[in-house]
Amino acid sequence: MSAAPSIIQIRNIVKRFGAQVTAVDDVSLEIREGEFFALLGPSGCGKTTLLRMLAGFEIPTSGNLLIDGQEMGGVAPNKRPVNMVFQSYAVFPHMSVFDNAGYGLKVTGTPKAEIRERVREVLALVHLEDYETRKPDQLSGGQRQRVALARALIKRPRVLLLDEPLSALDAKLREAMQLELVKLQQMVGITFVIVTHDQNEALSMADRIAVMEDGKVRQIATPTELYEDPNCYFVADFIGKMNLLSGTVQASGKGTVTVAVEKLGTLTVPCSTETSGNLHLAIRPEKLLVSETPLPDHLLAFSGRVATFAYHGSESHVFVTTDSGVTLSATLPNRHRHSAAFEPGQKLWIGWEPEDTLVLTE
Amino acid sequence: MKYTACMKPNSAISNHNQINPCPALRRVLKSPELRHALVMKNPIAPLDYARRWWMRLTLLGVFVFLYAPIVTLVAFSFNNSRRNIVWRGFTFKYYEKAWNNDSLFEAFTNSLTIAFVSTLISTVLGALVAVLLWRFRFPLKSVYEGVASLPIVIPEICMGVAMLAFFARSGWPSGLPWPLNLGAITIAHISFSFPFVAVVVRARLASFNRELEEAARDLGASEWQTFRDVLIPHMRPGLVAGALLAFTLSLDDFVITFFTSGPDTVTFPVKVYSMVRFSVTPEVNAASTALIVITLLLTTLALWMQNRSQSGTPEPA
């Protein structure tokens, strides 16, 4: 996959609104041809601004933007080889589904016969063949989104930009559309760049994800890397659930680090690099083991009492406060119909394998 | 006294019940289904004002107040009496007379010509002002905004005097052949009706989703294509409403027209005024009725056009 050439090159892009607000702060990244790329971050992190700069609706304050090797500075939105699916779908309310889908071809003077043929083709792609004559107000939210998709895809863009495309759909439909978008992307082979604040969406759909915070890119990685090897505190905390412990390095080297964690005491965990000073240890809740009897010695284990027990259907979350007063959360899969439930106040042992510990220096 | 008066209906009802001793009939009479069917089809909900008698009465009063004069005007246009004070029988005579009254007919044509031209121009101008104010930010925008809507608030009489002074001082040519001689009045009408169009269209633009514009641009449309294909369809209901407003404003304007019209450029309201000064004949009623019919027809046409493009309403976000 790494052999694919870059289709989008973003070089030191800065976008300021007025003197006070820096929406995008010196971002550089490359998006590969045919990739499903996600820009993920909390609201206000600059991901939408970055996408709008790709589409040409915002002009970067400084930096370069290349699409397909072409410098995009000074190129109007209607001259760029990209198309966008808007958050509100922005389906033209006074046009039928057919006219909406064909609009991008009509304005560029494509012959009528060709428009007809390509509209048919693209509406079949999004399963809206029977809706040609409908007006948008006769469509459901999901169908309107398909119209928006069809309308963008008919232009055969080099890159399709999607701005929070699934945020207005209900949970069931959203899940179905996630799968469908991935399938569609594989079918048409166009590079997709999606903006989302929903990490599940990003993790399940994207080939690679750029996590953004405060206008800066924190990490660019595959979903697995992002989840299992976050490179900083922000990403570790933002993606999924995480037990985060702060501490000070006491000894480092020979592939381990010994950290003095407040209240819990000294923990020695594997670490490939030498460090010093303050850092964070992070452990995923599903990697924690909970037992009513003492845990084996090779684990980092503590005794404590159940603080809260929450049932979530497929899994349960148990919060254990150790005897020293630190609360750790563990996720337990409900593998059986009557998997064990814990009572608050119940005595437990909680622990994890040392190699499941992440060492975060940033 | 009051107490007994209150009691009376109650005792009547209980008497009534005693007269019908048959239990089956009583059950039917007391059944909620029957009461539903007879008394109230559905219980009146707290906000169901339209079904309360006092609301209906108020409504009736308002309608009488609004339309009684117009109905009278129309009715008396068929009155077979020159003095037109008491009803003396039905006739179409005065319609024929109004039709054959050359100066009245000319005034009527003048009014319609002015109304059509000024509506056309003020709709375009008003729409452009609305788009400008909605879309762009520029220095002194609020000042411009205020000045543009000044004709709405300036007393008509001041506007009329101002127009008279302006056309006199600027040496506006008089005695031009028809329809050029209507130029001054038309300009005056445009100047007071385009702000109304601007206000209406701008209100409509407030509900425009900017992403629609971006979507059109993104799909390859130029600025002009975006304006034509996306913005104008959205503005259409506002344009129709604004044009209607401009048309009626122009058609029935008296004060400003009075100051800008000359002896050979008399409009319908000015003509009617001069006729009424002698006596209100059914001829005036007949001409007015014709005007009402024309206005109604145009309004219906406009509303029908608006309904046809009903899907031009903004999509729910």
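The values are calculated or read from the model by the stated rules, or taken from the named source; none is laboratory data. No experiment lies behind these values; they were computed from the predicted model shown. Neighbour counts run over all protein chains shown; Cβ positions are idealised from the backbone, glycine included.
Pull up the stretch A:45-56, narrow it to residues that are more than 17 Å from A:Gln20 (Cα to Cα) and small (Gly, Ala, Ser), then point me to the one that is nearest to the other protein chains (Cβ to nearest Cβ). The selected residue is A:Ala55.
The residue of the stretch A:280-316 that is surrounded by the fewest Cβ atoms within 10 Å (Cβ to Cβ), among those that are over 17 Å from A:Lys241 (Cα atoms) and without any contact (Cβ under 8 Å) to a residue 12 or more places away in the chain, is A:Asp297. Condition first: among the hydrophobic types (A, V, I, L, M, F, W, C) and under 30 Å from B:Phe227 (Cα atoms). Can you find one or more residues in the stretch B:161-182 that meet it? Checked the stretch B:161-182: no residue is among the hydrophobic types (A, V, I, L, M, F, W, C) and under 30 Å from B:Phe227 (Cα atoms).
Can A:Val97 be described as farther than 16 Å from B:Gly220 by Cβ, in contact (Cβ under 8 Å) with a residue 40 or more places away in the chain and in contact with a Phe, Trp or Tyr (Cβ under 7 Å, 6 or more places away or on another chain)? Taking the combined requirement at face value, the residue satisfies it. Scanning the stretch B:228-266 for residues that are within 14 Å of another protein chain (Cβ to nearest Cβ), free of Cβ contacts under 8 Å to residues at least 60 places away in the same chain and of a type outside the set (A, V, I, L, M) turns up B:Arg228, B:Asp229.
Please tell me if B:Tyr94 is part of a helix (DSSP H, G or I), surrounded by 14 or more Cβ atoms within 10 Å (Cβ to Cβ) and of a type in the set (Phe, Trp, Tyr). So B:Tyr94 passes the test. The residue that is surrounded by the most Cβ atoms within 10 Å (Cβ to Cβ), counting only those in the stretch A:317-341 that are under 15 Å from A:Arg305 (Cβ atoms) and not hydrophobic (A, V, I, L, M, F, W, C), is A:Ser329. Listed by position, the helices (runs of 4 or more DSSP H) enclosed by the stretch B:142-209 that each have at least 3 residues that are under 19 Å from B:Pro263 (Cβ atoms) are B:156-169, B:183-205. All conditions but one from (1) out of contact with any strand residue (DSSP E or B) (no Cβ under 6 Å at 6 or more places or on another chain); (2) surrounded by fewer than 21 Cβ atoms within 10 Å (Cβ to Cβ); (3) facing chain B (nearest Cβ under 9 Å) apply to A:Gln87; the one that does not is (1). Residues that are touching a Cys at 6+ places or on another chain (Cβ under 8 Å) number at least 2 in the following strands (runs of 3 or more DSSP E) confined to the stretch A:147-216: A:208-213. Counting only residues that are more than 14 Å from chain A (Cβ to nearest Cβ) and surrounded by 20 or more Cβ atoms within 10 Å (Cβ to Cβ), which one in the stretch B:200-215 is nearest to the chain's Cα centre (by Cα)? The extreme case among them is B:Val200. Taken across the stretch B:169-184, residues that are away from chain A (no Cβ under 14 Å) and within 30 Å of A:Val147 (Cα to Cα) do not occur at all. The numbered conditions (1) in contact with a helix residue (DSSP H, G or I) (Cβ under 7 Å, 6 or more places away or on another chain); (2) in a helix (DSSP H, G or I); (3) surrounded by fewer than 20 Cβ atoms within 10 Å (Cβ to Cβ); (4) within 11 Å of chain B (Cβ to nearest Cβ) are all true for A:Asp99 except (1). Would you please name the residue that is farthest from the chain's Cα centre (by Cα), looking only at residues in the stretch B:216-272 that are of a type in the set (Val, Ile, Thr) and not in a helix (DSSP H, G or I)? Filtering the stretch B:216-272 for residues that are of a type in the set (Val, Ile, Thr) and not in a helix (DSSP H, G or I), the one farthest from the chain's Cα centre (by Cα) comes out as B:Thr265.
The single condition from (1) surrounded by fewer than 20 Cβ atoms within 10 Å (Cβ to Cβ); (2) in contact with a helix residue (DSSP H, G or I) (Cβ under 6 Å, 6 or more places away or on another chain) that B:His189 fails is (1). Per the conditions (1) aliphatic (A, V, I, L, M); (2) at pLDDT 90 or above; (3) out of contact with any Ser or Thr (no Cβ under 7 Å at 6 or more places or on another chain), the sole criterion not satisfied by B:Val117 is (3). In the stretch B:267-277, the condition of being more than 30 Å from B:Arg88 (Cβ to Cβ), touching a residue at least 12 places away in the same chain (Cβ under 8 Å) and surrounded by 14 or more Cβ atoms within 10 Å (Cβ to Cβ) is met by at least one residue. In summary, A:Pro42 fulfils each of the numbered conditions (1) assigned to a helix (DSSP H, G or I); (2) away from every other protein chain (no Cβ under 14 Å) with the single exception of condition (1).
Just a yes or no: is a residue in the stretch A:57-76 at the interface with chain B (Cβ under 10 Å from one of its Cβ atoms), under 30 Å from A:Ile239 (Cα atoms) and either crowded, with 20+ Cβ neighbours inside 10 Å or not small (Gly, Ala, Ser) (or both)? So far as the stretch A:57-76 goes, yes, one or more of its residues are at the interface with chain B (Cβ under 10 Å from one of its Cβ atoms), under 30 Å from A:Ile239 (Cα atoms) and either crowded, with 20+ Cβ neighbours inside 10 Å or not small (Gly, Ala, Ser) (or both). One residue alone among B:Ser250, B:Ser170 is among the polar types (S, T, N, Q), at pLDDT 90 or above and either assigned by TED's automatic domain parsing to the domain that holds B:Leu301 or surrounded by 19 or more Cβ atoms within 10 Å (Cβ to Cβ) (or both), and that residue is B:Ser250. Does A:Pro111 satisfy being within 13 Å of chain B (Cβ to nearest Cβ), of a type outside the set (A, V, I, L, M) and surrounded by fewer than 24 Cβ atoms within 10 Å (Cβ to Cβ)? For A:Pro111, the condition - within 13 Å of chain B (Cβ to nearest Cβ), of a type outside the set (A, V, I, L, M) and surrounded by fewer than 24 Cβ atoms within 10 Å (Cβ to Cβ) - is not met. Screening the stretch A:120-137 for residues that are in a helix (DSSP H, G or I) and more than 13 Å from chain B (Cβ to nearest Cβ) and picking the one that is surrounded by the fewest Cβ atoms within 10 Å (Cβ to Cβ) gives A:Asp130.
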